[in-house]
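In what follows, a single structure is set out as structure tokens and then discussed.
The values are calculated or read from the model by the stated rules, or taken from the named source; none is laboratory data. Remember, it's a predicted structure, so these values are computed and weren't measured experimentally. All Cβ positions, glycine included, derive from the backbone under ideal geometry; neighbour counts span all protein chains shown. The protein model used for the area step is the full one, side chains on, heavy atoms only, and it has no ligands, DNA or RNA in it. Shrake-Rupley method; radii C 1.70, N 1.55, O 1.52, S 1.80 Å.
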Amino acid sequence: MATPSDWKQLFADGLWNNNQALVALLGLCPLLATTTSATNGLGMGLATTAVLVLSNVTISLIRNLVRPEVRLPVFVLVIASFVTAVELAVQAYFYELYLVLGLFIPLIVTNCAIIGRAEAFASKHGVKPALLDGLAMGLGFTLALMVLGGLREFAGQGTLFHQAHLLLGDAARGLSLSLGEDFQGALIAILPPGAFIGLGLLIALKNVIDKRLAARASAQGIKTNREVEQSTAATAL
Amino acid sequence: MSISIASSPHVARVNRVDRVMLQVLAGLAPGVLALTVFFGWGVLINIALAVVFAVLIETAFLLARRRPVLPAIGDLSAVVTAVLFAISVPPALPWWLTLLGMLFAIALVKQLYGGLGYNPFNPAMAAYVFLLVSWPVPMTTWLPPAMLAEHALSFGESLQLIVSGALPTGLDWDAISAATPLDAMRTQLDEHLSIEVIRQSPLWGLVGGRGWEWVGVAFLLGGLYLLWRRTITWHIPLAMLASLGALATLFWAIDPQSHPSPFFHLFSGAAMLGAFFIATDPVTASTTRRGQLIYGAIIGATVFVIRTWGGYPDAVAFAVLLMNIAAPTIDYYTQPRAFGHSRGRT
């Protein structure tokens, strides 16, 4: 059933319209705690995405076998298994990142975004849409974490993607950006209040953009899809 | 020419915002004077910089929000925020920290919440805490009071220090900076020195730090002026100073060698400034009479607790911000009973 327009819709929802961090406001605990730098945010986001994709696929596969009365414990069990696997993988391959993220990787299991998608989407759809949904939601979450982490790191330390090689290998050393040792950053950005202020500003920014887009759309007059298609077809001709 | 005719009673209207703010500024004058006498030109330079930044930022944000500019600037609330901020920070604070502080206070804490009257937090104190947490070193580098200074900074030297961070030739930071009395008391108490020993240093005056205690007296005078003009009521200042004083007296009576006297607490740091000028902010404080007593008392107690056992030498800003969050709840539970209504909740 997954047509290209469905994919588009899934990704538009995951990355923007229903962004788990900025719109649904789910998974705030890891979001606020681990976004002290862009690298940490990216690492945490990718770990969450991996769990989200795997759990969405599995839950979609078993959705007809699980009785509705026990579905939540089963979902939690599935998610917890994948979280354990991801934790061990991070510990094995990105040990220094594991030390930084610490407790928050096992805590992915309590991330409401994951069980939210399992309950709201994966348990009602086939494997392919569930996989795409997990990927889209995970990437949207990762993006929010990385942007927030980047903002906090830049304001607090004057660096960007500092220690990116911990996650992406030595090739990523060139990605690091620094304003130099003398930069006196705002320490508060890296401390917990900075997470709340930064997240608030990001959500406000997203709302402003949405409002502008809506205002522009209504100013141009609401076109139905058919009209848009016709006009594009006309210009193509 | 038209002559406006008003019927009796002929009473000056005191509830206009700009008039209240002017009186607050007048009330601050003795304290500002004392600070300038003891800590030099930097105080006045900071005030001037902060006022200019605050007004410019407020104007920019009002324009961006498409709100009328002149009424909001003319109510002087931004000026009062700037002055309160500038007299809370060290007199040699680099100019860009004043700019960031005002940006935080006016743009984030005040305008993003909707402007004067909608801000849940006191802008000046929020900015102070923002800077203190972010840049602890410049925010705690105080100058010694004039009578203890090896070298009193001239106007030009102060300006140069604030604008470029360049120290006068032949001097380093150690020569021109000094710990505040609260800081010195804390550090030495942590080293298990008795107060009798600590007070032998020339840093100390009658009850608090030399110079500092007179700044406290000046703010007390300004606060009494505000009470006399009925710009503020007695509830918050009295409750705050009484709870701070009572707790200090209790611990001082138990162990006078490791707990400074209540007068030290009342006339050090920002206790007087906070009690009369900061905790009484009509926007962010509690509004019911009983609520104001509770609000002030908890601020005083928090100040004592943080000063004695907390991580910072002074705590007025933290205490005020904490109670700002609590003010709506306090108001909710202390609504006065309307005449004729029963005591029970409906």
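Going by the conditions given, is A:Leu28 under 13 Å from the mean Cα position of the chain (by Cα), open to solvent by 40 Å² or more (accessible area, probe 1.4 Å) and under 23 Å from A:Leu148 (Cα atoms)?
yes
Between B:Pro90, B:Pro68, which is surrounded by fewer than 24 Cβ atoms within 10 Å (Cβ to Cβ) and in contact with a strand residue (DSSP E or B) (Cβ under 9 Å, 6 or more places away or on another chain)?
B:Pro90
Would you confirm whether or not region B:300-313 contains a residue that is surrounded by fewer than 24 Cβ atoms within 10 Å (Cβ to Cβ) and aromatic (Phe, Trp, Tyr)?
Checking region B:300-313: at least one residue is surrounded by fewer than 24 Cβ atoms within 10 Å (Cβ to Cβ) and aromatic (Phe, Trp, Tyr).
Any idea how many residues of region B:124-159 are in a helix (DSSP H, G or I), farther than 22 Å from B:Val32 by Cβ and not aliphatic (A, V, I, L, M)? Give the derivation first.
Initial filter on region B:124-159 (in a helix (DSSP H, G or I)): B:124-134, B:136-140, B:146-148, B:155-159.
Now narrow it down to the ones that are farther than 22 Å from B:Val32 by Cβ: B:130, B:133-134, B:136-137.
Restricting the remaining residues to those that are not aliphatic (A, V, I, L, M) gives B:130, B:134, B:136.
Residues flagged as in a helix (DSSP H, G or I), farther than 22 Å from B:Val32 by Cβ and not aliphatic (A, V, I, L, M) within region B:124-159 amount to 3.
Tell me whether region A:78-94 contains one or more residues that are of a type outside the set (Val, Ile, Thr), open to solvent by 70 Å² or more (accessible area, probe 1.4 Å) and modelled with pLDDT under 85.
Yes - at least one qualifying residue is present in region A:78-94.
Hey, does region A:124-141 have a residue that's closer than 30 Å to B:Pro138 by Cβ and either in a helix (DSSP H, G or I) or modelled with pLDDT of 85 or more (or both)?
No, region A:124-141 has no match at all.
B:Ile176 passes all but one of (1) surrounded by fewer than 16 Cβ atoms within 10 Å (Cβ to Cβ); (2) touching a Leu at 6+ places or on another chain (Cβ under 7 Å); which number fails?
Here B:Ile176 meets the rest and fails (1).
So which residues in region B:126-150 are open to solvent by less than 10 Å² (accessible area, probe 1.4 Å) and away from chain A (no Cβ under 14 Å)?
B:Pro145
On the given criteria, is B:Pro123 in contact (Cβ under 8 Å) with a residue 40 or more places away in the chain, under 20 Å from the mean Cα position of the chain (by Cα), surrounded by fewer than 22 Cβ atoms within 10 Å (Cβ to Cβ) and more than 13 Å from chain A (Cβ to nearest Cβ)?
no
Which residue is nearest to B:Ile87 (Cα to Cα), if the candidates are limited to region B:267-298 and must be open to solvent by 10 Å² or more (accessible area, probe 1.4 Å) and either hydroxyl-bearing (Ser, Thr, Tyr) or not assigned by TED's automatic domain parsing to the domain that holds B:Met185 (or both)?
The residue in question is B:Thr280.
Which condition from (1) open to solvent by less than 70 Å² (accessible area, probe 1.4 Å); (2) out of contact with any Pro (no Cβ under 6 Å at 6 or more places or on another chain) is the one that A:Phe104 breaks?
(2)
Find the residue count for region B:93-106, including only residues that are under 14 Å from B:Ala48 (Cα atoms) and open to solvent by 10 Å² or more (accessible area, probe 1.4 Å).
4
Take region A:14-37 and flag every residue that is part of a helix (DSSP H, G or I) and either among the polar types (S, T, N, Q) or modelled with pLDDT of 85 or more (or both).
A:Asn17, A:Thr34
Only residues that are open to solvent by less than 50 Å² (accessible area, probe 1.4 Å) and more than 13 Å from chain A (Cβ to nearest Cβ): list them for region B:151-171, please.
Taking region B:151-171 first, the residues open to solvent by less than 50 Å² (accessible area, probe 1.4 Å) are B:153, B:156-158, B:161-162, B:165-168, B:171.
Residues satisfying the conditions are B:Leu153, B:Gly156, B:Glu157, B:Ser158, B:Leu161, B:Ile162, B:Ala166, B:Leu167, B:Pro168, B:Leu171.
Checking B:Leu322 against (1) under 17 Å from B:Trp234 (Cα atoms); (2) without any contact (Cβ under 8 Å) to a residue 40 or more places away in the chain, only one condition comes out false. Which one?
Answer for B:Leu322: the failing condition is (1).
Within region A:50-60, take every residue that is open to solvent by less than 10 Å² (accessible area, probe 1.4 Å) and either outside any helix (DSSP H, G or I) or out of contact with any Asp or Glu (no Cβ under 7 Å at 6 or more places or on another chain) (or both) and give me the one that is nearest to A:Tyr95 (Cα to Cα).
For region A:50-60, the residue satisfying everything is A:Val51.
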